[in-house]
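**Student:** Got a structure here, written out as structure tokens. Questions coming.
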Amino acid sequence: MPPVIESHVSSSSDATAQPQTVREKSSPMLDVHAPHEAVHSWKDFSIHIAAIAIGLLIAIGLEQTVEHFHRLHQLDQARRELTTELEDNRKVLDQIRADAQAIKVQLEKNIALLHTSQVSHDAIGQPLAYDNRAHWPLDGPWKVATQNGSLSLMPRAELAHYTYVHEGIAATMDALIELSNRLTLASAIAKRAPKGDYTPRDVEELITATSEAQGRLEYLTFLLQVEEKGLNLTLR
């Protein structure tokens, strides 16, 4: 015997005898209705199942199409924001390079005075300055793009390049933090003697702190050179 599927439709008398409470529900995204006619043969059953399957496939296809165009819109918006971000970062990195050059001159002067004082045991006679200048690259649009999935349709080569550039920006920010920490430490030691009359221990600690700051500065300068090449390739 073929399966018999009958639609259950309550008559008006049944509705009167057994009242039911109808709850309002929001329409689902995929709302596929099967035919309500009774099925009395395998042929009718096959048509019934095929109608349901086709309806589901059409609904899923439409949903995925809408989602695909939404992703394309997000990708286009992400590209515009990332381009603006990289242009802004080019200016920020130029400022960081200028700051790094000024800090380099300052550290070289300080280390020369410290070495001279260490050998001669004479007071330096002037306070040592350790300027701690803060300019930070931007990475907000990149973080948003990676979190909302808008980069999923970006070509692999383009995505790899953006990733390379922003990994460089992250490394640059880490290097800036390390340099800032060393400069802060050296500045704190230098403030022990505002007139420059440092003790031998102060001089030794300042030489160590200044040398560490120079090392961090050299690493930062290297990262800036690498990042400049990446930005030039991106903004062509």
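**Student:** Can you tell me the Rg and Dmax of region 168-236, counting just the alpha carbons, in angstroms?
**Tutor:** Looking at region 168-236, its Cα Rg and Dmax stand at 16.2, 54 Å.
**Student:** Rounded to a whole number, what % of the accessible area of region 181-236 do carbon and sulfur atoms account for, probe 1.4 Å?
**Tutor:** Of the solvent-accessible surface of region 181-236, carbon and sulfur hold 53 percent.
**Student:** Whenever you get a sec, line up ARG182, ARG80 from highest to lowest accessible area (probe 1.4 Å, protein heavy atoms).
**Tutor:** Ranked from most to least accessible, the order is ARG80, ARG182.
**Student:** Leaving out same-chain residues fewer than 8 places away, which aspartates and glutamates sit with a Cα under 20 Å from that of LYS104?
**Tutor:** Cross-link targets: ASP94, ASP131, ASP174, GLU178, GLU204, GLU205, GLU212, GLU218, GLU227, GLU228.
**Student:** PHE222: accessible area at probe 1.4 Å, nearest 10 Å²?
**Tutor:** Estimated to the nearest 10 Å², PHE222 gives 110 Å².
**Student:** Sort LYS195, LYS104, LYS143 by heavy-atom solvent-accessible area, probe 1.4 angstrom, most to least.
**Tutor:** LYS195, LYS143, LYS104
**Student:** Next question. If you count only protein heavy atoms and use a 1.4 Å probe, how large is the accessible surface of HIS115, to the nearest 10 Å²?
**Tutor:** 90 Å²
**Student:** Any idea what the alpha-carbon Rg over 2.2 N^0.38 Å comes to for region 132-218?
**Tutor:** After normalising by residue count via 2.2 N^0.38 Å, the value is 1.65.
**Student:** Can you compute the modelled spin-label distance between ALA134 and LYS191, with each label point 7 Å from Cα toward Cβ, in nm?
**Tutor:** 1.4 nm
**Student:** Order VAL144, VAL92 by their accessible area, 1.4 angstrom probe, all chains in place, largest first.
**Tutor:** Sorted by accessible area, descending: VAL144, VAL92.
**Student:** Quick one: Debye curve from the alpha-carbon atoms of region 109-180 only, equal weights, vacuum; give me log10 I(q)/I(0) at q = 0.24 Å⁻¹ to two decimals.
**Tutor:** The calculated log intensity ratios at q = 0.24 Å⁻¹ are -1.06.
**Student:** Also, I was wondering about something else. Please compute, over every Cα-Cα pair in region 63-208, the percentage with a separation greater than 23 angstrom.
**Tutor:** That tail contains 54 percent of the Cα-Cα pairs.
**Student:** Another one. So for region 84-150, what are the equivalent ellipsoid semi-axes in whole Å, largest first, each being the square root of 5 times an eigenvalue of the Cα gyration tensor?
**Tutor:** Over the Cα atoms of region 84-150, the ellipsoid semi-axes are 42, 11, 8 Å.
The values are calculated or read from the model by the stated rules, or taken from the named source; none is laboratory data. Everything numeric in this text was worked out from a predicted model, so none of it was measured. Cβ coordinates were reconstructed from backbone atoms using ideal geometry, including for glycine residues, and neighbour counts include every protein chain displayed. What goes into the accessible areas is simple: the full protein's heavy atoms, side chains included, and nothing from ligands, DNA or RNA. Shrake-Rupley method; radii C 1.70, N 1.55, O 1.52, S 1.80 Å.
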